[in-house]
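The numbers here are math on the coordinates, done by the rules we state, and not lab data. Since this is a predicted model, take the numbers as computed values, not measurements. Note: ideal-geometry Cβ built from the backbone for every residue, glycine included; neighbour counts use all protein chains shown.
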Amino acid sequence: MTSKHNNINLYALILANLDGSASENMQQELADILESDGHARVVYVDFVNLYSRFRARGVSELIDGENGILNIPEQMFEELLEEERNAPSLGKKDRHKHPPSKSCGNHTENQNVKRFPKYKLYLLAGCVAALIAIIAVPFFWQSKFELAPVGRVSDALDARTNAGKLISSGESVLISRESTILEDGCLEMMFANGAIITIEAPAKYQIVSEDRIDLDYGMLYATVPQSAIGFAVKSGNTNIVDLGTEFGVQSMLNGDTELHVLEGRTTVAALRGFDRVSMDVTENTAINVSDSDGKVSLIDIKPSAFIRYISEKNGIMWRGEGFIDLADITGGGAGFGTGKTGSGYLPDTGKYETSYEGVSKLRKGRKGYSKVGDNPFIDGVFVPTGKSAVISSEGHKFSWESETNSIFFSIIANGPSISQRPKYRGKYKVKPYGPHLACYPLKLGDVKYGTEAHPAVYMHTNSGITFDLEQMREHVDFAPLDKFEARIGVPENTLERTDVNLSWYLLFDGEVKYSRVNTTALDAPADVSLPVGDARFITFMITDADGEQAYDWCLMGEPRITLKTSK
């Protein structure tokens, strides 16, 4: 796109897109041009910045209220020309390291200065007038200038500004002349063009136009559909134009910018001194752009660094994990890191307990199924009594051969909480009468479980838990469920207890999919991977195998429901 006609056509398409008058055909034409033409993408960045400058500055000072005419101050027009010559709309410069010089704008021999044909000056003047006219229309119809909303807050999770304002779902997203400082939580904004922006505190941002957001610092994730191609994010001295993709931006306090492109392609424009650097960044690529010198460096992509999806209703903050963590759910979380280690549910009542303390003792459980009401992803819990039990709220029943004594010890927990366990001379204490939950980590093979890196569901014998996959499908609607995976076995810490003997069962909708009967710590753990298909419930239960329950522990190491995600 180099001819005058093509340039004018491009400006017309951009203007129509910005003022909302573009037809579907015009939107598609602009999207096709931006996707195929690198020069057009640079022009788009410049134009959107010019447009945004007027929107942010306001037009009241440019309008003669008495005569109702537009006045373009000569000084402002000269500023725009100078800005276009030296640093076309690519953000701030480090003026201490690159002081502006009048001679730079006058000597055509300087390689950093752009030469301007007359038609470009006329075009710029025309664009300035057109932009002001577009923005000024509401001024003549309203006594008080108001900006129309460009989207809405589609979800917010404990989102609060530094002024103490709580940001709630459903609020309008407005173009603003000032930045917003997000001090706590995170929020998701859906723009009218279909772009979805998720911002995580701490962050400072400004909605500059319908197609642009400025990020002074913080972390942002953008999902941009075909209808919103051309959406721009400015961070430091870097402008990022989306070409229909998903990407994360981290804007540092020192002005540096990290861009992580997970899908599709973006165009990045930055300043290196007085020169412009422009490039395309494709999927599975990450770069760092230095604010001081514009240097671009390849870095490792961090697909799980950015919050991509939130749900206030369920407390979900999804960073692109490829699975739902069942240990996290057992600890009162939503499967993505909000559960508490060492907490869980009593199998005879379904009550959530924040710690083992005060609830760990041998007792006989009552017969029956206890529905869990405070966690949608857990259907219920139970104590296997006798030789059969109801194992779901839908009435699924399961029978086994060896009769249990119905005695259980503690909560069904999100792993042993080992971070504050007592130590003696650098080693975890051991009770004189045998291993104990509060003494040291539990292991399967060489792996210590119950840690952040290796979460686990800890269960004593004669206890069972049923997870609700249908609720997971409903609430985690951004990715289909795929498989159940876990390493299941008796912790090797119990080897000193020769009488440890238990049976465990894994069931889908009441049908056994995997089991171990009369197993001990001498038996290798089982690595289980099973497609969940259209199953509604997954149940895991343990029974004593010989009428004795002492130290009959079992672990589900890193239990998860994997997701079918593209990244």
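Structure summary
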quantity	calculated
Extended-chain gain in nm, criterion 0.36 nm per residue less alpha-carbon gap, LYS367 and GLU401	10.5 nm
Burial ordering of LEU187, LEU174, LEU502, fewest other beta-carbon atoms within 10 Å first	LEU174, LEU502, LEU187
Cross-link pairs beyond the 31 Å C-alpha cut-off, checked among LYS313/LYS443; LYS165/LYS351; LYS204/LYS313; LYS234/LYS340; LYS313/LYS448	LYS313/LYS443; LYS165/LYS351; LYS234/LYS340; LYS313/LYS448
Proxy reagent accessibility, fewest Cβ within 10 Å first, across HIS454, HIS460	HIS454, HIS460
Spacing of the two label points (7 Å from each Cα toward its C-beta) at ASP184 and SER169, in nm	1.9
Residues THR404, THR330 arranged by fewest to most Cβ contacts within 10 Å	THR404, THR330
